[in-house]
Amino acid sequence: MQTQAVEDYLKTIYEIQREHGKVATTVLAERLDVAPASATGMIKKLAEMNLVAHEPYQGVRLTESGRKIALEVIRHHRLVELYLAESLGVPWDQVHDEAEKWEHILSEDLEERIDKALGYPTLDPHGAPIPSRDGTIALAAQDRLIDLRPGQAAVIAEVSDHDADMLRILGGLDLYPATEVILISSQIGSVTVRTGGNEYQVPEEIAAYVFVRPMEPA
Ligand SMILES: [Zn+2]
């Protein structure tokens, strides 16, 4: 039994594990917008299916088979996002919601055709790595824009795809993946960055979800 709910749980556990290292049931319930009691019930089921391991007070982690399913769903999601953006011209703030549905129903055949049509891409429209078919995934950038030092230059690697409003603001500031930025200053509530000769103030709650690769000082 691999229902959509199972896939959503595994994918979300993978994402929280990446962000926080440890996955608390409360955080998982909040992210999935379900009551803590139903998250606890589902975790029990997933543990019985040997897809997660769960020690009291230690949080939840994916087993090898759980991780495999999570990466397969994420592969579908990110390929679909890129296909919608590149081949159909869907704006980058709208592809996520569509991909949330497609990721569960995409056949292996269509997955392969999309992969081939796009030239075997490695990054989705938000800069997130696309897992390979055999279940490996490139290391995602860990540094956040908000953590740069004044004067430090970096390249934007990835932005969170979950918030369409945030993506529209970032797009309005031309802060797409692969853009070079320099952090000018940090102040309470925002950071000031320079890119392409312009200076922008980026609110803290957005800068915290922009991942960067710092460049070596020249
Ligand atoms: Zn997405």
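The values are calculated or read from the model by the stated rules, or taken from the named source; none is laboratory data. Please read these numbers as outputs of a predicted model, since none were measured by experiment. With ideal geometry, Cβ positions are generated from the backbone for all residues, glycine too; neighbour counts draw on all protein chains shown.
Would it be correct to say that A99 is modelled with pLDDT of 95 or more, part of a helix (DSSP H, G or I) and either in contact with a strand residue (DSSP E or B) (Cβ under 9 Å, 6 or more places away or on another chain) or over 29 Å from P214 (Cα atoms) (or both)? Can you show your working first?
Numbers: modelled with pLDDT of 95 or more: yes; part of a helix (DSSP H, G or I): yes; either in contact with a strand residue (DSSP E or B) (Cβ under 9 Å, 6 or more places away or on another chain) or over 29 Å from P214 (Cα atoms) (or both): yes.
In short, yes.
For Y83, state whether it is over 16 Å from the mean Cα position of the chain (by Cα), over 27 Å from A29 (Cα atoms) and either not aromatic (F, W, Y) or not in a loop (DSSP other than H, G, I, E, B) (or both). Working first, answer last.
Working: over 16 Å from the mean Cα position of the chain (by Cα): yes; over 27 Å from A29 (Cα atoms): yes; either not aromatic (F, W, Y) or not in a loop (DSSP other than H, G, I, E, B) (or both): yes.
Spelling it out, Y83 is indeed over 16 Å from the mean Cα position of the chain (by Cα), over 27 Å from A29 (Cα atoms) and either not aromatic (F, W, Y) or not in a loop (DSSP other than H, G, I, E, B) (or both).
Show me the strands (runs of 3 or more DSSP E) entirely contained within the range 123-218 in which 3 or more residues are in contact (Cβ under 8 Å) with a residue 24 or more places away in the chain and either closer than 24 Å to E98 by Cβ or in contact with a helix residue (DSSP H, G or I) (Cβ under 7 Å, 6 or more places away or on another chain) (or both). Break it down into steps so the answer makes sense when it comes.
Working: elements: 153-159, 180-187, 190-195, 198-203, 210-214.
Passing ranges, in order: 153-159, 210-214.
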Restricting attention to the range 115-127, does a residue exist that is out of contact with any strand residue (DSSP E or B) (no Cβ under 9 Å at 6 or more places or on another chain) and of a type in the set (K, R)?
yes
Identity of the residue in the range 54-101, of a type in the set (S, T, N, Q) and in contact with a helix residue (DSSP H, G or I) (Cβ under 8 Å, 6 or more places away or on another chain), that ends up nearest to the ligand (Cβ to nearest atom)
Q94
Tell me, which residue of the range 55-78 that is closer than 18 Å to R18 by Cβ and not in a helix (DSSP H, G or I) is modelled with the lowest pLDDT?
Q58
Taking the range 76-92 and keeping only residues that are crowded, with 21+ Cβ neighbours inside 10 Å and not hydrophobic (A, V, I, L, M, F, W, C), one is left with H76, H77, R78, E81, Y83
Index of the failed condition, I105 passing every other in (1) part of a loop (DSSP other than H, G, I, E, B); (2) buried (at least 20 other Cβ atoms within 10 Å of the Cβ):
(2)
